[in-house]
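Report on one structure; see the data block that follows.
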Amino acid sequence: MSSATLLLELKQLIAASCERPVDPASIQDDELLFGPEARLALDSLDALQVSMAIQKRYGLRLTDSKETRRLLSCVANLAQVLETHLAARS
């Protein structure tokens, strides 16, 4: 899977799992996702929903809350970790 494809899939997954009315393609790769200053303003419940969707779709379990917060800060961070995870599974 190409990086561009993975990034778009993740954006679609985030928008769907958090039920945000946003065009996934409009989410920037390095855009902050969480917090009041973020355009999407995702919260801890959204983080749980996204992490569960990632586990279901890609088999990556995010267990450490501090690490999960860092990984979910933007789509680019998450894609980087997922690329490593998917490569190890191949």
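The values are calculated or read from the model by the stated rules, or taken from the named source; none is laboratory data. Everything quoted here is computed from the prediction, not taken from an experiment. Cβ atoms come from the backbone with ideal geometry, glycine included; neighbour counts cover every protein chain shown.
Among the residues of the range 56-71, are any loosely packed, with under 14 Cβ neighbours inside 10 Å, closer than 20 Å to ARG20 by Cβ, free of Cβ contacts under 8 Å to residues at least 40 places away in the same chain and hydrophobic (A, V, I, L, M, F, W, C)? Before the answer, list the steps.
So the first thing to find is which residues in the range 56-71 are loosely packed, with under 14 Cβ neighbours inside 10 Å, and the list is 56-57, 59, 61, 63-67, 69-70.
Next, from what is left, pick out any that are closer than 20 Å to ARG20 by Cβ: 56-57, 69.
Keeping just the survivors that are free of Cβ contacts under 8 Å to residues at least 40 places away in the same chain gives 56, 69.
Applying the additional criterion that residues be hydrophobic (A, V, I, L, M, F, W, C) yields none.
Looking through the range 56-71, none of the residues is loosely packed, with under 14 Cβ neighbours inside 10 Å, closer than 20 Å to ARG20 by Cβ, free of Cβ contacts under 8 Å to residues at least 40 places away in the same chain and hydrophobic (A, V, I, L, M, F, W, C).
Condition first: of a type outside the set (Ser, Thr, Tyr) and in contact with a Ser or Thr (Cβ under 8 Å, 6 or more places away or on another chain). Now tell me which residues in the range 1-56 satisfy that.
Taking the range 1-56 as the starting set, the residues that turn out to be of a type outside the set (Ser, Thr, Tyr) are 1, 4, 6-16, 18-25, 27-43, 45-50, 52-56.
Answer for the range 1-56, where residues must be of a type outside the set (Ser, Thr, Tyr) and in contact with a Ser or Thr (Cβ under 8 Å, 6 or more places away or on another chain): LEU32, LEU33, PHE34, ASP46, ALA47, GLN49, VAL50, MET52, ALA53.
Quick one: would you say LEU86 is in contact (Cβ under 8 Å) with a residue 60 or more places away in the chain and either surrounded by fewer than 18 Cβ atoms within 10 Å (Cβ to Cβ) or in contact with a Pro (Cβ under 6 Å, 6 or more places away or on another chain) (or both)?
Details: in contact (Cβ under 8 Å) with a residue 60 or more places away in the chain: yes; either surrounded by fewer than 18 Cβ atoms within 10 Å (Cβ to Cβ) or in contact with a Pro (Cβ under 6 Å, 6 or more places away or on another chain) (or both): yes.
Spelling it out, LEU86 is indeed in contact (Cβ under 8 Å) with a residue 60 or more places away in the chain and either surrounded by fewer than 18 Cβ atoms within 10 Å (Cβ to Cβ) or in contact with a Pro (Cβ under 6 Å, 6 or more places away or on another chain) (or both).
What are the residue pairs meeting all of these: first residue in the range 39-55, first residue in contact (Cβ under 8 Å) with a residue 24 or more places away in the chain, second residue among the small types (Gly, Ala, Ser) and in a helix (DSSP H, G or I), Cβ atoms under 6 Å, and 6 or more apart or on different chains?
Close Cβ pairs satisfying both conditions: GLN49/SER17; VAL50/SER17; ALA53/SER17.
Matching residues to (1) hydrophobic (A, V, I, L, M, F, W, C); (2) in contact with a Gly (Cβ under 7 Å, 6 or more places away or on another chain); (3) more than 15 Å from ASN77 (Cα to Cα):
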| position | (1), (2), (3) |
| --- | --- |
| MET1 | yes, no, yes |
| GLU9 | no, no, no |
| ILE14 | yes, no, no |
| SER17 | no, no, yes |
| PRO24 | no, no, yes |
| LEU32 | yes, no, no |
| ALA38 | yes, no, yes |
| ASP46 | no, no, yes |
| ARG57 | no, no, yes |
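Being closer than 14 Å to LEU82 by Cβ, touching a residue at least 40 places away in the same chain (Cβ under 8 Å) and not aromatic (Phe, Trp, Tyr) narrows it down to one of LEU13, LEU32, so name that one. Break it down into steps so the answer makes sense when it comes.
Working: LEU32 fails: closer than 14 Å to LEU82 by Cβ.
Residue meeting the stated conditions: LEU13.
Filter the range 80-90 for residues that are at pLDDT 90 or above and either in a loop (DSSP other than H, G, I, E, B) or within 13 Å of the chain's Cα centre (by Cα) (or both) and give the result.
Of everything in the range 80-90, those that are at pLDDT 90 or above and either in a loop (DSSP other than H, G, I, E, B) or within 13 Å of the chain's Cα centre (by Cα) (or both) turn out to be GLN80, VAL81, LEU82, GLU83.
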